[in-house]
Amino acid sequence: MDADTADIATIGHRIRHFRTQHGLTLERVSELVGLSQSQLSMIENGKREPKLTTLQSIAGAIGVDLATLLVAEPPDERTAYEIELGKAQKSALYTTLGLPDVRPTKGTPTETLAALVGLHRELARQASKAIATPEEARRANTELREQMRGRDNYVPEIEAVAEEQVKASGHVSGALTHREVSVMAKRLGFQLVYVDDLPNSTRSITDLENGRIYLPPASIPGGHGLRSMALQALAHRVLGHEKPTSYAEFLRQRLEINYFAACCLMPQNAAVAFLQEAKRDRDLAVEDFRDAFGVTHEAASLRLTNLITVHLGIRMHFLRVGEDGALYKGYENDGLPLPTDVTGAIEGQLVCKKWSARDAFTQTNRTTELYQYTDTPAGTYWCATQTGRGDDGSFTITAGVPFADAKWFRGRETTVRAVSTCPDPSCCRIADASLETSWAEKAWPSARLHSHILSPLPTGAFPGVDDAELYAFLDAHSGPLGE
């Protein structure tokens, strides 16, 4: 049977429909066809697949041609409900609930069947909505990264909004202060409140009803994290965000609030002026940019990707790489061949061992930047790599540019050079032939399973946020604060 032919359940229902329509009993048709009543009943209930010759005999007995029995559509609305209900009750989604099947009878109202089918459809819809799989999120993230790459990681609309907000706070120069962030919040109708009982699934909570933004205790060294979190929370309001309707929308909002926070901490006009002066002196350095605005090395490197192409005419790349060699964040518009999977995603892919992003882990002195030239199939690149440490272990932050633009940066005099032929596997992924000969069939590695790749991503209006914990927190803080 071809793709347009009815399945066994539909055929069975069509047989019963035309049999009863012609006033024929199960007993009478079974006599005409030469089947027992039980066999014919099983065919009508979709529990037995009849041979083509048997179907021809049945069609003749009930007064229709064979083609009529093989039409893919149910004969009427009620039958359609019965078939759909039967299939729904056999699905893994329903059987895992441990509920009994409903067996439609002649006395079951069609409206009841319609209601049951409607409930199953909604159950399936909710389940489908919940399967924001890692692959789907990775595809959405890859699309977003490509869009930003196409515009050189620069969003002038957000730049303008942030510049306006910073100016209104009274900020003039240097690092944006906590007080100035509080002024920005107050102008938008919010009070910043620091508490130590935020739900684990949140970085901050905005109480729209009472105009409060709850943040962790103000004890983070340097304070960059708290300023950034407060600015991200304000960004949702400033940029007019609504509740995300998809994971792609959620990721876009995350990018925009991070971008807004960076624009406020390193305002465009001041940042560009600083970078242009450093370029004139051929002394561009992430560490100077970082210190001038009181932010982290990573934040300064990322902000550089927003401004350096549009305002300084330099293309660059940024990498955050874990000690396991995996790429956790990345951007390039200079042609650096970043590793990707089949979906085009870069997150989690291993970068070449010859790159400074990984070589920096082997250095004895990790407090100073490692400068390196690397020859790749796409050309030669100069990179500055800084090592850091977080809750998840060590990582490196790399900012790099094509060879021709190294002349603008401090550290260009380095004599450290490496050659990378990745993605050619012989570069750093295939063992030396002598080692393979010595150890083949003599070693058995036990691979580590990253179990998170087997789980669906968090769902809901705000993926990852525990709603029950969130509402309990707000309820507990809904009274007067007493500050």
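Structural remarks
- All positions within the range 166-201 that are in contact with a Cys (Cβ under 8 Å, 6 or more places away or on another chain) and under 30 Å from Glu332 (Cβ atoms): Val166, Leu176
- Candidates Ser420, Ser394, filtered to the one that is buried (at least 20 other Cβ atoms within 10 Å of the Cβ) and over 30 Å from Gln276 (Cβ atoms): Ser420
- Helices (runs of 4 or more DSSP H) fully within the range 90-200 that include at least 1 residues being of a type outside the set (Phe, Trp, Tyr) and open to solvent by less than 50 Å² (accessible area, probe 1.4 Å): 110-130, 134-150, 156-168, 178-187.
- Of everything listed in (1) over 19 Å from Glu369 (Cα atoms); (2) in a helix (DSSP H, G or I), the single unmet condition for Thr245 is (2).
- The residues in the range 22-67 that are among the basic types (Lys, Arg) and over 18 Å from Thr10 (Cα atoms) can be counted, and the count is 1.
- Taken as a whole, the condition of being among the acidic types (Asp, Glu) and modelled with pLDDT under 75 does not apply to Asp475.
- Residues located in the range 335-373, provided they are under 25 Å from the mean Cα position of the chain (by Cα), surrounded by fewer than 21 Cβ atoms within 10 Å (Cβ to Cβ) and not aliphatic (A, V, I, L, M): Gly335, Pro337, Pro339, Thr340, Asp341, Thr343, Gly344, Glu347, Gly348, Gln349
- Hits in the range 256-312 (condition: assigned to a loop (DSSP other than H, G, I, E, B), open to solvent by less than 20 Å² (accessible area, probe 1.4 Å) and either touching an Asp or Glu at 6+ places or on another chain (Cβ under 8 Å) or more than 18 Å from Val155 (Cβ to Cβ) (or both)): Pro267, Ala285, Val295
The values are calculated or read from the model by the stated rules, or taken from the named source; none is laboratory data. This is a predicted model, so every value here is computed, not measured. With ideal geometry, Cβ positions are generated from the backbone for all residues, glycine too; neighbour counts draw on all protein chains shown. What goes into the accessible areas is simple: the full protein's heavy atoms, side chains included, and nothing from ligands, DNA or RNA. Shrake-Rupley method; radii C 1.70, N 1.55, O 1.52, S 1.80 Å.
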